[in-house]
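Take a look at the structure below.
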Amino acid sequence: MSEEVRREKMQCKLTQYVVKRDMKFMTVQESTGEKINSFRKVYELMKPEAAIDRECVWVLHLNSHLELIEKELVSMGDVSASIVHPREVFKKAILHSSSQIVVVHNHPSGDFLPSVEDKDVAKRLYKAGEIIGIPLADFMVISTKGFFSFANEGMLEQQ
């Protein structure tokens, strides 16, 4: 086996390890009973994730008392994109019998204004939530410099 092939195999193993480690760190089971009743509370909870160096998408599963059931990482992308599908977003929401969900997406660039793609995803998730009966309470874009709440800006219903 050539040195180059060995290096590539080691790099692949290292990459797999880092991804597994990051997934374990970021997919956090929570059942704190903490009420998530405002976009500011969501930002406080998610602020550490704003500094992650690649785009990720989390779902906060809430019960009927707006208490956090689970914080779930559903997508990890690269520095400028993350793929989000309603199927992945709502899978555990259905299993948990979540009353509603909040979707949070980070922008490593520091710009917290939603992109056209963010607006499209929010629209699809809002419609999917209406159909299955688990409302999307908010779609938030976070960064180390701040956040954007679709609900606070009145943009969820307009979708």
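Quick notes
- Net dipole in debye of region 66-159 [+1 Lys, Arg Cβ; -1 Asp, Glu Cβ; about Cα centre; nearest 20]: 180 debye
- Amide H to amide H, with H built 1.01 Å from N, GLU34 comes under 5 Å of LEU68, counting only residues 5 or more places away or on other chains.
- Nonlocal amide H pairs with CYS56, under 5 Å, H built at 1.01 Å: GLY77, ASN106
- Averaging the sequence gap over all C-alpha pairs within less than 8 Å and six or more residues apart, then dividing by the number of residues, gives region 29-149 a relative contact order of 28 percent.
- For the pair region 43-82 and region 83-159, the centres of their Cα atoms are 10 angstrom apart.
- For the pair GLU3 and ARG87, label points projected 7 Å from Cα toward Cβ lie 4.6 nm apart.
- Expressed per residue, the C-alpha convex hull volume of region 29-149 stands at 86 Å³.
- Ranked for footprinting exposure by Cβ neighbours inside 10 Å, fewest first, ARG40, ARG124 give ARG40, ARG124.
Each value in this text was obtained by applying a stated rule to the coordinates, not by laboratory testing. If you're wondering where the values come from, they're calculated on a predicted model, not measured in any experiment. Using ideal geometry, Cβ is built from the backbone for each residue, glycine included, and neighbour counts are taken over all protein chains shown.
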